[in-house]
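Just below is one structure, and these are the notes that go with it.
The values are calculated or read from the model by the stated rules, or taken from the named source; none is laboratory data. None of the values given here were measured: they were computed from a predicted structure. FYI the Cβ positions are ideal-geometry reconstructions off the backbone, even for glycines, and counts take in every protein chain you see. SASA here: full protein model, heavy atoms, side chains in, ligands and nucleic acids out. Shrake-Rupley method; radii C 1.70, N 1.55, O 1.52, S 1.80 Å.
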Amino acid sequence: MKKEDILDAYRWRQATKEFDADRKIDEEDFEFILETGRLSPSSFGFEPWQFVVVRREDLLQKIKDHAWGAQGQALTASHFVLILARTPEAMRHDSDYIRHVVMDVQGRTEDEYALRVKRVREFQEQDYRLLDDERVFQEWIKRQTYIPLGNMMTAAAQIGIDSCPIEGFNQADIDELLISEGVMERGAWSLSVMVAFGHRARDFAPKTRRDFNEVVKYIG
Ligand SMILES: Cc1cc2nc3c(=O)[nH]c(=O)nc-3n(C[C@H](O)[C@H](O)[C@H](O)COP(=O)(O)O)c2cc1C
């Protein structure tokens, strides 16, 4: 893997506002992209996400109707993904889900679980005071989901696939839609961000970024 090739992928990636609807991504390539999301890190390794790949045309149309930021993408993308975040209820230190991850996924013993949960409780109660405010807690959970989002978009760019992250939607409105469409259970999940994949319909204007020295500061 050459550094310059990796940087070229970053330079090439641009938020794709409209895809070429005739060009589909190979399933194997798409699974590679999803796998980079699955392997992403999260706070305490709790993986508070689910990636929902929407294939139903009628649902894509409804998502378009509910998401101002997905107007050109929802119906032209090759693959359209909803990144769901677990709710605070599921992510409390004493929840069944946390127990499941620590015991079944991470393979810890009962004693290790007890120690782990103590640390998580302190983190949630004192360090970040997540239990004081449901909204703050939910946003902390959603923050984790941007790591797989970034990884999937970069991985896609490295194999020549375009993408667009999308958070142009009304939160309450889209959550209601996804609950009523049977995509997620009320109280268990909330939509964090969407991401569309495919091939760009047309070339972009050159990418703009602030200068390196404006972005990076060294101390000492
Ligand atoms: C979290 C996030 C949410 C975004 N939401 C939308 C969106 O709803 N619709 C859209 O067309 N672009 C969306 N964008 C794309 C940004 O506008 C774009 O990434 C930014 O302008 C930089 O341009 P570039 O990605 O082409 O380099 C989003 C980007 C991020 C990171």
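Couple of notes before you dig in:
- If you check 186, 119, 202 for being part of a helix (DSSP H, G or I), open to solvent by 70 Å² or more (accessible area, probe 1.4 Å) and of a type in the set (D, E, K, R), only one passes: 119.
- Meets criteria (crowded, with 18+ Cβ neighbours inside 10 Å, β-branched (Val, Ile, Thr), within 15 Å of the ligand (Cβ to nearest atom) and farther than 28 Å from residue 44 by Cβ) for residue 166: no
- Single condition residue 146 does not satisfy, out of (1) touching a residue at least 12 places away in the same chain (Cβ under 8 Å); (2) within 13 Å of the ligand (Cβ to nearest atom); (3) open to solvent by less than 80 Å² (accessible area, probe 1.4 Å): (3)
- In the condition set (1) over 17 Å from residue 175 (Cα atoms); (2) assigned to a helix (DSSP H, G or I); (3) aliphatic (A, V, I, L, M), residue 25 is compliant with all but (2).
- Considering the conditions (1) assigned to a loop (DSSP other than H, G, I, E, B); (2) open to solvent by 50 Å² or more (accessible area, probe 1.4 Å), residue 32 is excluded by exactly one of them, (1).
- Filter result (in contact (Cβ under 8 Å) with a residue 60 or more places away in the chain and β-branched (Val, Ile, Thr)) within region 1-53: 6, 16, 25, 33, 36, 52
- Any hit, region 123-140, residues being touching a His at 6+ places or on another chain (Cβ under 6 Å) and under 23 Å from residue 40 (Cβ atoms): yes
Conditions tested, residue by residue: (1) under 16 Å from the mean Cα position of the chain (by Cα); (2) closer than 30 Å to residue 30 by Cα; (3) within 12 Å of the ligand (Cβ to nearest atom); (4) among the aliphatic types (A, V, I, L, M).
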residue: 107; (1), (2), (3), (4): no, yes, no, no
residue: 153; (1), (2), (3), (4): yes, yes, yes, yes
residue: 181; (1), (2), (3), (4): no, yes, no, no
residue: 211; (1), (2), (3), (4): no, no, no, no
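- Qualifying residue in region 109-116 (condition: more than 16 Å from the ligand (Cβ to nearest atom), among the aliphatic types (A, V, I, L, M) and surrounded by fewer than 16 Cβ atoms within 10 Å (Cβ to Cβ)): yes
- Any hit, region 14-36, residues being within 15 Å of the ligand (Cβ to nearest atom) and in contact with a helix residue (DSSP H, G or I) (Cβ under 7 Å, 6 or more places away or on another chain): no
- All positions within region 3-19 that are of a type in the set (D, E, K, R), part of a loop (DSSP other than H, G, I, E, B) and within 16 Å of residue 155 (Cβ to Cβ): 13
- Within region 129-142, the presence of a residue that is polar (S, T, N, Q), open to solvent by 70 Å² or more (accessible area, probe 1.4 Å) and either free of Cβ contacts under 8 Å to residues at least 40 places away in the same chain or assigned to a helix (DSSP H, G or I) (or both) is excluded.
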